[in-house]
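Student: Pasting a structure here, questions to come.
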Amino acid sequence: MSKGLPKRSENYSEWYNELVKRADLAENSAVRGCMVIKPYGYSIWEKMQRALDDMFKETGHTNAYFPLFVPKSLFEAEEKNAEGFAKECAVVTHYRLKSDPNNPGKLMVDPEAKLEEELVVRPTSEAIIWSTYKNWIQSHRDLPILINQWANVVRWEMRTRMFLRTAEFLWQEGHTAHATENEAMDETKQMLDVYATFVEEWMSVPVIKGFKSANERFAGADETLCIEAMMQDGKALQAGTSHFLGQNFAKAFDVKFQNKEGKLEHVWGTSWGVSTRLMGALIMAHSDDNGLVLPPKLAPIHVVIVPIYKGDEDLEAIKAVIMPIIKELKSYGITVKFDDNDAYRPGWKFAEYELKGVPVRMAIGMRDLQSGQVEVARRDTLTKETRPLEGIVTYIKDLLDEIQKAIYQKAFNFRQENMFKVDSWAAFEEQIEKGGFLLCHWDGTSETEEKIKELTKATIRCIPLDAVEETGTCVYSGKPSNKRVVFARAY
């Protein structure tokens, strides 16, 4: 029950962890650093998947699947990528167990079953995919290749947090190959736009689109574009990335094609991905001290109807009126739960569905039936009103659209109120402790960026695509700068 939820203002981290568990989204597993995504949580992820998958297919991409295991020799072929992920890799060294002669009933690794070459459990799939593309690409007629993969990846984490940072997580990763640099960069930007549209229109979370600095760039990419979202504690969460790989992986795996003039050239590449981190963003951007607040487009249940009755006769009378309404709501693609479970009282149900973030709750008793009305409660504003049963379907349909927009607007307003132009180091140090996005001039050097991170734990979240050219001086070094970047602490 939500009564025991910690308050965001008192302990945001504990509030998040408890909400994930109590709203039945996920729980810790027997495997350290890994989580179990429970049915309610997974149904939200499925809705995310479905929407994104449709958007990928609308932009010409198809799904494929590549091996979980990457031979070490392939993994280390692109040096920057290998170096960037080396410390997070899980590695398979043996292929068999055997009975332990010293411990009856127990098993041990069979020393005779050592692999000739170690296998890396994929932390990302560029290596295995580009080694495959070498066999697929010979001519300009074979390009472009536009492939997406839905998969799990493993990145060994010491400090984990459900949905935000776990040793194993679910994601999609797009990997495309192109004949020209411009085509590859257009693809990189297009997929960033797809992510931004999804996060803003489905998740109701506003984002800033921008380039990553060299320090924050994906290992093996020439450029990384990202979308950054603000959580309610003022921290940033990277909600998606799209990488322009240049010809780095094509050169590492010798992927060449014959162009229209008959000359051999290396292919240009991109990769892009979002993960179950989006679940964390969804929770932290909107939810409150009573539980989840879900935008209707991603809510597993749009409307819950709680009948208030004393006996079977009352229940049947309510059903006779409500069932045709449920049928009509469902015809518009609205998911409805009619909760007539008599094991729990209505008050308990109200709190439970509030905790789970169901956008609209309807309650109807015998008095309501007689007066032809129903109580309608909104989860996002915690307000309720009495509405006539006549025309209720149209009202609910419009209300769900209104809630979707209102949740976005609230998050947008919060972000606007917590973005600050900062021009001095003293102001930077003061404001970063309060949270928010700090718009500051930066001298463009890795040294300054690293020093700011060391002193304040803040990083450059992005160099906004719409950054205005303006003359200024770096907030830390005082050196000249021509635009502001976004600094924040981040998840």
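Student: Give the stretch 48-62 a look and list any residue that's open to solvent by less than 70 Å² (accessible area, probe 1.4 Å) and either touching a Pro at 6+ places or on another chain (Cβ under 8 Å) or not charged (D, E, K, R) (or both), or say none.
Tutor: Matches in the stretch 48-62: Met48, Gln49, Ala51, Leu52, Met55, Phe56, Thr59, Gly60, His61.
Student: Could you give every pair whose Cβ atoms fall below 7 Å, whose first residue belongs to the stretch 276-301 and is over 15 Å from Trp202 (Cβ atoms), and whose second residue is among the acidic types (Asp, Glu), counting only separations of at least 6 or pairs across chains?
Tutor: That search, which allows pairs on different chains as well, returns Asn290/Glu354; Gly291/Glu354.
Student: Any chance the stretch 38-61 includes a residue that's modelled with pLDDT under 95 and in contact with a Phe, Trp or Tyr (Cβ under 9 Å, 6 or more places away or on another chain)?
Tutor: No - not one qualifying residue is present in the stretch 38-61.
Student: All but one of (1) closer than 30 Å to Phe420 by Cα; (2) open to solvent by 10 Å² or more (accessible area, probe 1.4 Å); (3) over 15 Å from the mean Cα position of the chain (by Cα); (4) of a type in the set (S, T, N, Q) hold for Thr241, so report the exception by its number.
Tutor: Going through (1) closer than 30 Å to Phe420 by Cα; (2) open to solvent by 10 Å² or more (accessible area, probe 1.4 Å); (3) over 15 Å from the mean Cα position of the chain (by Cα); (4) of a type in the set (S, T, N, Q) one by one, Thr241 breaks only (3).
Student: When residues of the stretch 432-447 are filtered for being part of a helix (DSSP H, G or I) and surrounded by 18 or more Cβ atoms within 10 Å (Cβ to Cβ), how many remain?
Tutor: Qualifying residue count for the region: 1.
Student: From the list Gly478, Gly391, Gly444, Gly472, which residue is closer than 30 Å to Lys297 by Cα, modelled with pLDDT of 95 or more and small (Gly, Ala, Ser)?
Tutor: The unique qualifying residue is Gly391.
Student: Let me ask something else. Which residues, counting only those in the stretch 366-385, are over 29 Å from Glu201 (Cα atoms), open to solvent by 10 Å² or more (accessible area, probe 1.4 Å) and not charged (D, E, K, R)?
Tutor: Listed by number, the residues that qualify are Met366, Leu369, Gln370, Ser371, Gly372, Gln373.
Student: Quick one: in the stretch 23-47, of everything that is open to solvent by less than 60 Å² (accessible area, probe 1.4 Å), in contact with a strand residue (DSSP E or B) (Cβ under 9 Å, 6 or more places away or on another chain) and part of a loop (DSSP other than H, G, I, E, B), which residue is nearest to Asp289 (Cα to Cα)?
Tutor: Among those that are open to solvent by less than 60 Å² (accessible area, probe 1.4 Å), in contact with a strand residue (DSSP E or B) (Cβ under 9 Å, 6 or more places away or on another chain) and part of a loop (DSSP other than H, G, I, E, B), it is Ala23.
Student: Listed residues Val321, Val293, Val336, Val304; which is at pLDDT 95 or above, of a type in the set (Val, Ile, Thr) and closer than 15 Å to Ile44 by Cα?
Tutor: Values: Val321 fails: closer than 15 Å to Ile44 by Cα; Val336 fails: closer than 15 Å to Ile44 by Cα; Val304 fails: closer than 15 Å to Ile44 by Cα.
Result: Val293 is the single residue among Val321, Val293, Val336, Val304 that is at pLDDT 95 or above, of a type in the set (Val, Ile, Thr) and closer than 15 Å to Ile44 by Cα.
Student: Considering only residues that are touching an Asp or Glu at 6+ places or on another chain (Cβ under 9 Å), open to solvent by 10 Å² or more (accessible area, probe 1.4 Å) and in contact (Cβ under 8 Å) with a residue 40 or more places away in the chain, which ones fall in the stretch 245-272?
Tutor: Answer for the stretch 245-272, where residues must be touching an Asp or Glu at 6+ places or on another chain (Cβ under 9 Å), open to solvent by 10 Å² or more (accessible area, probe 1.4 Å) and in contact (Cβ under 8 Å) with a residue 40 or more places away in the chain: Asn248, Ala252, Phe253, Lys256, Gln258, Asn259, Trp268.
Student: If you don't mind, another one. Looking at Ala77, Ala127, can you tell me which residue is at pLDDT below 95 and crowded, with 17+ Cβ neighbours inside 10 Å?
Tutor: Testing whether each residue is at pLDDT below 95 and crowded, with 17+ Cβ neighbours inside 10 Å leaves just Ala77.
Student: Of the residues that make up the stretch 77-84, is at least one under 21 Å from the mean Cα position of the chain (by Cα) and closer than 30 Å to Glu200 by Cβ?
Tutor: From the stretch 77-84, those under 21 Å from the mean Cα position of the chain (by Cα) are none; that's our starting set.
No, the stretch 77-84 contains no residue that is under 21 Å from the mean Cα position of the chain (by Cα) and closer than 30 Å to Glu200 by Cβ.
So that you can scan it fast, the table gives a plain yes or no per residue for (1) among the small types (Gly, Ala, Ser); (2) within 20 Å of Trp45 (Cβ to Cβ); (3) in contact with a Ser or Thr (Cβ under 6 Å, 6 or more places away or on another chain):
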{"residue": "Leu192", "(1), (2), (3)": "no, no, yes"}
{"residue": "Thr197", "(1), (2), (3)": "no, yes, no"}
{"residue": "Glu201", "(1), (2), (3)": "no, yes, no"}
{"residue": "Ser204", "(1), (2), (3)": "yes, yes, no"}
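Student: Any residue at all in the stretch 136-148 that's under 21 Å from the mean Cα position of the chain (by Cα) and surrounded by fewer than 23 Cβ atoms within 10 Å (Cβ to Cβ)?
Tutor: Yes, the stretch 136-148 contains at least one residue that is under 21 Å from the mean Cα position of the chain (by Cα) and surrounded by fewer than 23 Cβ atoms within 10 Å (Cβ to Cβ).
Student: Here's a follow-up. If Ser204 passes every condition in (1) within 13 Å of the chain's Cα centre (by Cα); (2) at negative phi but one, which one does it miss?
Tutor: (2)
Student: In addition: Taking the stretch 113-124 as the search range and keeping residues that are surrounded by fewer than 17 Cβ atoms within 10 Å (Cβ to Cβ) and touching a strand residue (DSSP E or B) at 6+ places or on another chain (Cβ under 8 Å), which one is farthest from Trp268 (Cα to Cα)?
Tutor: Among residues in the stretch 113-124 that are surrounded by fewer than 17 Cβ atoms within 10 Å (Cβ to Cβ) and touching a strand residue (DSSP E or B) at 6+ places or on another chain (Cβ under 8 Å), the one farthest from Trp268 (Cα to Cα) is Ala113.
Student: So Glu470 fits all but one of (1) open to solvent by 40 Å² or more (accessible area, probe 1.4 Å); (2) among the acidic types (Asp, Glu); (3) in contact with a Ser or Thr (Cβ under 6 Å, 6 or more places away or on another chain); what number is the exception?
Tutor: The number of the failed condition is (3).
Student: Might you let me know whether the stretch 302-316 holds any residue that is open to solvent by less than 50 Å² (accessible area, probe 1.4 Å), part of a loop (DSSP other than H, G, I, E, B) and under 17 Å from Ile403 (Cα atoms)?
Tutor: yes
Student: (1) open to solvent by less than 40 Å² (accessible area, probe 1.4 Å); (2) without any contact (Cβ under 8 Å) to a residue 24 or more places away in the chain; (3) under 30 Å from Ser271 (Cβ atoms): which one isn't true of Asp110, the others all being true?
Tutor: (3)
Student: Take the residues in the stretch 415-431 that are outside any helix (DSSP H, G or I) and open to solvent by 70 Å² or more (accessible area, probe 1.4 Å); name whichever of them is farthest from Pro480 (Cα to Cα).
Tutor: Checking each candidate, the answer is Lys421.
Student: Condition first: surrounded by 11 or more Cβ atoms within 10 Å (Cβ to Cβ), closer than 30 Å to His286 by Cβ and touching an Asp or Glu at 6+ places or on another chain (Cβ under 9 Å). Can you find one or more residues in the stretch 317-329 that meet it?
Tutor: No, that holds for no residue.
Student: Report, by residue number, each residue of the stretch 65-121 that is acidic (Asp, Glu), out of contact with any helix residue (DSSP H, G or I) (no Cβ under 8 Å at 6 or more places or on another chain) and outside any helix (DSSP H, G or I).
Tutor: Once the filter is applied, which keeps residues that are acidic (Asp, Glu), out of contact with any helix residue (DSSP H, G or I) (no Cβ under 8 Å at 6 or more places or on another chain) and outside any helix (DSSP H, G or I), the stretch 65-121 yields Asp100, Asp110, Glu116.
The values are calculated or read from the model by the stated rules, or taken from the named source; none is laboratory data. All values derive from a computational prediction rather than experimental measurement. Positions of Cβ are generated from backbone atoms using ideal geometry, with glycine treated the same way; all protein chains shown enter the neighbour counts. The area values use the complete protein model at the heavy-atom level, side chains included, leaving out ligands, DNA and RNA. Shrake-Rupley method; radii C 1.70, N 1.55, O 1.52, S 1.80 Å.
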